[in-house]
1. Quick check: residue separation of residue 34 and residue 394 times 0.36 nm, minus the Cα distance between them. What number comes out in nm?
2. Pull out a ≥ b ≥ c, the square roots of the eigenvalues of the alpha-carbon gyration tensor of the chain, then state rounded if a/c is under 1.5, prolate if not and a/b is larger than b/c, and oblate in the remaining case.
3. Among 326, 141, rank each residue by its count of other Cβ atoms within 10 Å, from fewest to most, as a rough exposure measure.
4. Along the Cα→Cβ direction, 7 angstrom out, place labels at residue 348 and residue 441. What is the inter-label distance in nm?
5. What is the Cα convex hull volume of the stretch 130-240 when expressed per residue in Å³?
6. What is the distance in Å between the Cα centroid of the stretch 74-92 and that of the stretch 253-294?
7. Rounded, prolate or oblate: which fits the stretch 27-89, taking a ≥ b ≥ c as square roots of the Cα gyration tensor eigenvalues, rounded meaning a/c under 1.5, else prolate when a/b beats b/c?
8. Counting only DSSP beta bridges with both residues in the stretch 8-167, tell me the antiparallel percent, nearest 5.
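Values quoted throughout were computed directly from the atomic coordinates according to the rules given, and no laboratory measurement underlies them. These numbers come from a predicted model, not from an experiment. No Cβ is skipped: glycine too gets one built from the backbone with ideal geometry, and neighbour counts run over all protein chains shown.
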Ligand SMILES: Cc1ncc(COP(=O)(O)O)c(C=O)c1O
């Protein structure tokens, strides 16, 4: 499988190249040349084989990465290492719950990784792949990550201690939860570098984007194809577990999560997608009207990892349903000229979308707790709120993706009026507070963030390979 850019300005390239370059050189996002369609027989065989989560991940990666780049044995070993430290034997947990109005659903707990958000699932394996290739390349690599809260720690955990890989993480100062900040300052490894930026999560993507393309500098944000690719496995795994068509409700921010679901559908997996956002609703507008409207004032919400107004993965969705020329035109020139046919393809790629107001997120947290005595996180609550009032849900079984553990957001949950004593809310915070921390450098408003970042990249890349 070769890779191309959503904007059509590059020759087909290897998977390794996508892993090590963040954005494509023409500013687009990498995509596989084709999305294979699985034969019905293959899906049946996978179903009968009762594949485990790691086995599903292997099958999906094998569709998109050739054996010349990663052999079967290397892939099996990388997958095993990536998920060995997860804290549930099955890696993903499932729990039957009821929404506030008493509707049943299966909560797919994608938070049994080491930093307890769904980012761990893709990034742990991405870290293994980066390690694999950087040993072959015999070069130092810098990974740049801008995080709205969860990606940072998951990425740090995935690459901590690697000898040829350094990671530089930028997070929005004062705009993430206490646990998220404690997690990101808990890594004392010398290949990990952290900056607290005086701006929003969209603001800090600007200097990061300015540092691309650059030799040996990459990213494992959801601009990274690897993130999207591994997340496809989540949807396939849910479907195989169930054996019948399912509805999946998806909390969405930068649209990486929903893009993976759309690709799972294109592979031939019978799922219906329902996309939930918080009040930062660019994705909701995109699916409802096919309008490519990026930017706007980021509003802070309890679902802070979704406080995003540049959901860059919608560029991948345009590409999936049009072509590189049309995508380039829409994203760089004339966003008002999107044909009715394209709009309709985009709207039809999901069954529906929903914007959860902040008060509704709090209400949903409270009522879901009261009904189930089981806590969900504020991001997950956007999807539960949607399902609770959704009349177009079609399949017999509904899965809702739980993207993070509630233990990451005790303060927000307390604001919903649920006493922290009821559910041991501060367990993770207390645990994190008991270990040594680093003090992150601050990128101050009004200073040149790009220059600071570039100086750090140069310092890392100039270190000898033996250090
Ligand atoms: C907890 C949580 N939920 C949901 C999302 C949304 O995922 P995506 O940005 O891929 O749409 C994120 C990531 O930003 C997250 O960290």
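1. Working: separation 360, 0.36 × 360 = 129.60 nm, distance 2.91 nm.
Length gained between residue 34 and residue 394: 126.7 nm.
2. In terms of gyration-tensor shape, rounded.
3. Numbers: 326 17, 141 23.
Going from sparsest to densest Cβ surroundings: 326, 141.
4. Taking the simple label geometry, residue 348 and residue 441 are separated by 5.2 nm.
5. On the way: hull volume 13.0 nm³, N = 111.
In the stretch 130-240, the Cα convex hull volume per residue is 117 Å³.
6. 28
7. Numbers: a/c = 1.79, a/b = 1.13, b/c = 1.59.
It is oblate, given that a/c is not under 1.5 and a/b is not larger than b/c.
8. Details: 6 of 9 bridges.
Antiparallel bridges: around 65 percent, rounded to the nearest 5.
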